[in-house]
Amino acid sequence: MKKKYLSIGLPILGTLFCLWYIKIATCDIVYTDYIRLVNAYLPDVWNPQKFFVPDVLTRIPINYLGRIINTALFDYSTTVDMIWGVLGLGLAGWVIGCYCSHYSIRWYWLVSLMILLFGLNKWEMLTNGSGWPHFLAIACFYYHYLVLDRVWYGTEKKQDRLKLMVLPFVITLGIAGPYCAIYSLVMLLSYGFCMMVWARHTGKSDRRYLCYIICVILPFLCYLWSNSYAVEDHVGMQKLPLFATLWENPGYFARFFFNSLASDWMSGEQLLAWIGEGVISKQTVYLIGAVVLLAALAALWMNFRYHLYKTTMFPLMLLVTGGLNHLLILYSRWSFMNEAYGMSSRYALQFQCLTLGILLTAALAWEQVSGRVKRIAMGSCCVLLLLGSGMTTYQEVLKAPYREAYGERIAATALQYREVSDEVLRETFDYRKSREDSGAKVREALEILDLQQWNIFEEQ
């Protein structure tokens, strides 16, 4: 019973901690991505023409409901969006807590998992409310993994099999947006694994899992169709041929990849700051990334070496999700020709599946690992992951007042938008600075908010 309370209480504490961080680190003001959203969807958030568009799935349909609620009840508060994001992270913590309670994982492992999950390495996502559905999507992925785990290993609850058919449609079509690619692939691999094991032991195929596969493929195909109508608009991305660049400069791709892996241990911002201060070298960061990769591969191996997959697939699914997300970011962002691009905090939410999978694998395999050297290596790896996460969180708490002051400067400029120049608006609001119309777009968004008396203009 105590473990059950702990599995619920710790996610609540983590959620409260992130809410506190938002309170001390942010200001309720639109900037960066919000400028585009305001111009595109406000003030007529009920307009069906803005919803029924071919690429609606790439725009994440739940966003439309969020904007309606936010404008109707909260006068378009970015803080409300941030709170929704934290609540989504709290749901992910609840799923992991339920899993740990079911498998009687010791309390100190659960505490360690919560430290990683609620760490502030994803500060950029937490403080930019426009990405709140991504937190909910991650929670939904974890829940789907948990339901499959229960069904496959014979501990299913009522309606779990129905959930396996319904969840992909809800998640892919309503919540996940571009995150659905890795989610769908992981589910297909998992169902394929189940079918292979079933056929090996029974000599027959299991049509249930074929049905589950179809339920994953259908909504994903719908997303691909919708995505085919989307217009990509990435500022700074260069149009270079992938294979030619890979052939001419393979080292760039390797550095990009290891840099992104290093950010799993400690925030990329902190690592880059240390490089600038001469505390560490770029080679040290590559080495950190290599160590993280080795830890992930070791965890993957342990799932099969100690037959963890015979009792649970959840940690294996987390490891595959995290690894594929690293490869996806490499594939989709390499053309920015910035080897540190993958270290951005905005990707930490996707990447953290890897470290959670490593830690969860260690928790499940600990009693089976024999040999002093192996235990020391595994324990040291877990401690280092926690130290990196803890140091990142500590540094972000120290930076919180400066981030709040940054938001206050934006808010002060917003109230004077009629008097200041487009150049000032472009530089202050950090919205596509390389474009000539940046300042004009900011002014247009502020005029909409001012007219509706929303956001910073609510009390004016």
Qualifying residues in region 408-446 (those that are in contact (Cβ under 8 Å) with a residue 24 or more places away in the chain and among the acidic types (Asp, Glu)) - the one farthest from Ile24 (Cα to Cα): Glu444
Counted residues, region 97-134 - those being of a type in the set (Ser, Thr, Tyr) and open to solvent by less than 30 Å² (accessible area, probe 1.4 Å): 4
Residue that is nearest to Leu319 (Cα to Cα) [pool: residues in region 191-215 that are in contact (Cβ under 8 Å) with a residue 24 or more places away in the chain and out of contact with any helix residue (DSSP H, G or I) (no Cβ under 6 Å at 6 or more places or on another chain)]: Phe193
Residues being open to solvent by 40 Å² or more (accessible area, probe 1.4 Å) and not polar (S, T, N, Q) - total across region 359-385: 11
Among the candidates Leu224, Leu272, Leu294, residue that is touching a residue at least 12 places away in the same chain (Cβ under 8 Å), of a type outside the set (Ser, Thr, Tyr) and open to solvent by 60 Å² or more (accessible area, probe 1.4 Å): Leu272
Residues satisfying the stated conditions in region 10-34, i.e. hydrophobic (A, V, I, L, M, F, W, C) and in a helix (DSSP H, G or I): Leu10, Ile12, Leu13, Leu16, Phe17, Cys18, Leu19, Trp20, Ile22, Ile24, Ala25
Residue in region 197-216 that is farthest from Asp430 (Cα to Cα), counting only those that are open to solvent by 70 Å² or more (accessible area, probe 1.4 Å) and of a type in the set (A, V, I, L, M, F, W, C): Trp198
Selection within region 444-460 - open to solvent by 50 Å² or more (accessible area, probe 1.4 Å), of a type outside the set (S, T, N, Q) and closer than 18 Å to Tyr41 by Cα: Glu444, Glu447, Leu451
Residue pairs meeting the criteria (Cβ under 8 Å; at least 6 apart or on separate chains; first modelled with pLDDT under 95, in region 129-158; second outside any loop (DSSP other than H, G, I, E, B) and of a type in the set (Gly, Ala, Ser)): Gly129/Gly85; Gly131/Gly85
Complete set of residues in region 174-196 that are open to solvent by 10 Å² or more (accessible area, probe 1.4 Å) and among the β-branched types (Val, Ile, Thr): Ile175, Ile182
Flag if Ala440 is open to solvent by less than 50 Å² (accessible area, probe 1.4 Å), out of contact with any Leu (no Cβ under 7 Å at 6 or more places or on another chain) and under 27 Å from Ile69 (Cα atoms): no
Qualifying residues in region 236-253 (those that are touching a residue at least 24 places away in the same chain (Cβ under 8 Å) and open to solvent by less than 60 Å² (accessible area, probe 1.4 Å)) - the one farthest from Gly323 (Cα to Cα): Gly236
Of residues in region 66-78 being in contact with a helix residue (DSSP H, G or I) (Cβ under 7 Å, 6 or more places away or on another chain) and open to solvent by 30 Å² or more (accessible area, probe 1.4 Å), the one nearest to Tyr142 (Cα to Cα): Phe74
Residue check, Thr428 polar (S, T, N, Q), under 29 Å from Phe118 (Cβ atoms) and surrounded by 15 or more Cβ atoms within 10 Å (Cβ to Cβ): no
Looking only at region 79-96, and only at residues there that are of a type in the set (A, V, I, L, M) and either modelled with pLDDT under 95 or under 19 Å from Thr355 (Cα atoms) (or both), the one that is most open to solvent (accessible area, probe 1.4 Å): Leu91
Enumerated helices (runs of 4 or more DSSP H) restricted to region 35-138, each holding at least 1 residues that are within 30 Å of Thr155 (Cα to Cα): 78-102, 107-117
Failed condition for Glu396, given (1) surrounded by fewer than 16 Cβ atoms within 10 Å (Cβ to Cβ); (2) acidic (Asp, Glu); (3) over 16 Å from Val30 (Cα atoms); (4) in contact (Cβ under 8 Å) with a residue 12 or more places away in the chain: (1)
Number of the condition not met by Glu447 [criteria: (1) over 31 Å from the mean Cα position of the chain (by Cα); (2) modelled with pLDDT under 95]: (2)
Test result for Leu316, closer than 20 Å to Phe193 by Cα and open to solvent by 10 Å² or more (accessible area, probe 1.4 Å): yes
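The values are calculated or read from the model by the stated rules, or taken from the named source; none is laboratory data. What you see is a predicted model, and the numbers here were worked out from it, not measured in a lab. Cβ atoms come from the backbone with ideal geometry, glycine included; neighbour counts cover every protein chain shown. Accessible surface areas use protein heavy atoms only, side chains included; no ligands, DNA or RNA. Shrake-Rupley method; radii C 1.70, N 1.55, O 1.52, S 1.80 Å.
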